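The values are calculated or read from the model by the stated rules, or taken from the named source; none is laboratory data. Treat the numbers as computed from the prediction; the structure is a model and nothing was measured. Here the Cβ positions follow ideal geometry from the backbone for every residue, glycine too, while neighbour counts run over all protein chains shown.
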Amino acid sequence: MTTKTITIMEDAYKILSNMKYKNESFSEVIRRMGGEKGDIMRFAGSWKHLSSKEVEERKNAISKLRRESTKELFRRIEGLKK
């Protein structure tokens with residue numbers, strides 16, 4: 001496997017480091033964050049067996065997770081500014 005050395009600014013390093021899981025390499029972080037996205041169409045119809053109420057509950061849960069993850073991201077960014 002070939003390796004490359006890159007230079008990044010300190011703030012970019014801190015952001016990347018904060019995204020890194022305990023036993024994950026920086027290469028794995030970059031692949032995870034910038035890798036090719038899957039085809040969303042593979043999920044088409046996956047909720048067709050759910051009732052309208054269940055669909056709404058799942059949508060609400062997803063919205064809540066998105067809000068919480070956005071808050072966490074901003075919290076981490078603010079921590080880097082200190």
If you go through segment 43-74 one residue at a time, how many are surrounded by 10 or more Cβ atoms within 10 Å (Cβ to Cβ), over 14 Å from the mean Cα position of the chain (by Cα) and assigned to a helix (DSSP H, G or I)? 10
Of the residues 30, 40, 8, only one is of a type outside the set (Asp, Glu), modelled with pLDDT under 90 and surrounded by 10 or more Cβ atoms within 10 Å (Cβ to Cβ); which? 30
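Applying the selection to segment 27-51, what residues are out of contact with any helix residue (DSSP H, G or I) (no Cβ under 6 Å at 6 or more places or on another chain) and under 30 Å from residue 4 (Cα atoms)? Walk me through it before giving the result.
Initially, segment 27-51 is screened for residues out of contact with any helix residue (DSSP H, G or I) (no Cβ under 6 Å at 6 or more places or on another chain), giving 27-28, 30-46, 48-51.
Matches in segment 27-51: 27, 28, 30, 31, 32, 33, 34, 35, 36, 37, 38, 39.
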